[in-house]
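Written out below as structure tokens is the structure these notes cover.
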Amino acid sequence: MKLISWNVNGLRAVLGKDGFAWLAEQNPDFLGLQEIKVSEKDAPKGLYELGFSQIDLNSAARAGYSGVASLAKFKSETSKALFFPDDEGRVLQHRFGDVVLFNIYFPNGQKDEARLAYKMEFYAKFLAYARSLAEQGLGVIFCGDVNTAHREIDLANPKANSKTSGFLPIERAWLDEVEAAGFVDTFRAVHGELRDAYSWWSYRFNARAKNVGWRIDYFFISANLRSQLKDAFILSDVMGSDHCPVGIEIEI
């Protein structure tokens, strides 16, 4: 099974630029989109023409903000956030068999201290919930824009960003907790200490052309799925957003 995640930073814009042309070659079984910025009732027609049989959306109450969409070629029992009040459209949970798959647009903490506190509360409640599922023996997968680079090798300029939300010690410590709880960063599991592998680049200063980026988009899996992981990848050549898609291949 091939699973892909992509923060599109505006679904309409990506569809308008034929930004999903790469899907034919990749042929994923699941595509999790974040920051779609459209309401469920106003979702563009093109979303339903991408070749998926099940499509679910969770939109923010605020127009033109946040939102996630999940597209799948298999059936799942789908729900929105069960661990956190979610008027920002950040979570879709999919249950199929003994697997729980999350498509999440984690909060950004750069605006102010209040938003950083919101991000950290979201982090804590999600990890507690994900851990509880894993402790029941379920396979847990979560993907999306986590909005934090974990280690110095996960961004081009770690020292310059050490006091910036997205690379603060408190945020990075949460990712330590995720791994300590038994969840596996699939890209590192496959590629080890590979450097210069990023999933987000600022629109400023020609950052993408220079590959001055951050790896803030992830697939994590619970330890009981580790032996089934076959590959993890970053599709850095896919354009249309300030993020690029990331994905895994896993036997489920």
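Across Ile55, Ile104, Ile36, mean-square fluctuation computed from a Gaussian network of the chain (C-alpha pairs under 10 Å connected) peaks at Ile55. Residue by residue, segment 176-189 carries 3J(HN,Hα) couplings of 4, 5, 4, 5, 5, 7, x, 7, 10, 6, 5, 5, 5, 4 Hz when phi is fed to the Karplus relation 6.51 cos²θ - 1.76 cosθ + 1.60 (θ = phi - 60°); x denotes Gly or Pro. Couplings for segment 117-124, taken from phi via the Karplus curve 6.51 cos²θ - 1.76 cosθ + 1.60 with θ = phi - 60°, read 5, 4, 4, 5, 5, 4, 3, 4 Hz in order; Gly and Pro are left as x. Where the centroid of each part is defined by its Cα atoms, how far is segment 192-252 from segment 131-185 in Å? Comparing the Cα centres of segment 192-252 and segment 131-185, I get a distance of 13 Å. Normalised by the number of residues in segment 1-123, the average gap of Cα pairs under 8 Å and 6 or more apart makes the relative contact order 20 percent. Comparing Ser227, Ser79, Ser165 in a Gaussian network model of the chain (Cα springs below 10 Å), the most mobile by mean-square fluctuation is Ser227.
Multiplying the residue separation of Leu50 and Asn206 by 0.36 nm and subtracting their alpha-carbon distance yields 53.1 nm.
With a 1.4 Å probe and every protein chain kept in, tell me what percent of the accessible surface of segment 1-104 is carbon plus sulfur. Kindly include the intermediate steps, with their values, before the conclusion.
Values: 2040 of 4430 Å².
The C+S portion of the solvent-accessible surface of segment 1-104 is 46 percent.
Under the √(5λ) rule applied to the eigenvalues of the Cα gyration tensor, what semi-axes describe the equivalent ellipsoid of segment 1-143? Give them in Å, descending. Could the numbers behind the result be given before it?
Values: eigenvalues 114, 86, 29 Å².
Semi-axes from the Cα gyration tensor: 24, 21, 12 Å.
About its Cα centre, the dipole of the chain is roughly 460 debye, where the only charges are +1 on Lys and Arg Cβ and -1 on Asp and Glu Cβ.
Determine the share of segment 144-252's accessible area contributed by carbon and sulfur atoms, expressed in whole percent, with a 1.4 angstrom probe.
Details: 2470 of 4910 Å².
On segment 144-252, the fraction of accessible area on carbon and sulfur atoms equals 50 percent.
For the chain, the Cα gyration tensor yields ellipsoid semi-axes of 23, 22, 19 Å (square root of five times each eigenvalue, largest first, whole Å).
Ordering Ala130, Gln110, Ala181 by Cα displacement along the dipole of segment 88-182 toward the positive end leaves Gln110 in first place; charges were set at the Cβ atoms of Lys, Arg (+1) and Asp, Glu (-1).
Can you work out the accessible area per residue across segment 2-250, with the rest of the protein chains kept in place, probe 1.4 Å, in square angstrom? Provide the component values of the computation, followed by the final result.
Details: 10780 Å² over 249 residues.
Spelled out: the 1.4 Å probe surface of segment 2-250, per residue, equals 43 Å².
Between Tyr123, Tyr48, Tyr65, the residue with the greatest mean-square fluctuation in the GNM of the chain (Cα pairs under 10 Å linked by springs) is Tyr48. Here the chain is scanned for GluC sites (Glu not before Pro) in DSSP loops (not H, G, I, E, B) that have at most 15 other Cβ atoms within 10 Å, and the longest stretch holding none of them is 41-192. Within the chain, DSSP assigns beta bridges of which about 75% are antiparallel (rounded to the nearest 5). In order along segment 65-74, the Karplus-derived 3J(HN,Hα) couplings, from 6.51 cos²θ - 1.76 cosθ + 1.60 at θ = phi - 60°, round to 9, 6, x, 10, 9, 10, 10, 9, 9, 9 Hz, and Gly and Pro are given as x. Put simply, the amide H of Asn157, placed in the peptide plane, has no neighbours under 5 Å, leaving out anything fewer than 5 places away on its chain. Length gained on full extension, Met239 to Asn157, computed as 0.36 nm times the residue gap minus the Cα-Cα distance: 27.3 nm. Taking amide H as placed 1.01 Å from N in the peptide plane, the amide H of Val99 sits under 5 Å from that of Gly139, each at least 5 places away or on another chain.
The values are calculated or read from the model by the stated rules, or taken from the named source; none is laboratory data. These numbers come from a predicted model, not from an experiment. As a convention, Cβ positions derive from the backbone with ideal geometry for all residues, glycine included, and neighbour counts pool all protein chains shown. For the accessible areas, the whole protein counts, side chains as well, though only heavy atoms, and no ligand, DNA or RNA atoms are used. Shrake-Rupley method; radii C 1.70, N 1.55, O 1.52, S 1.80 Å.
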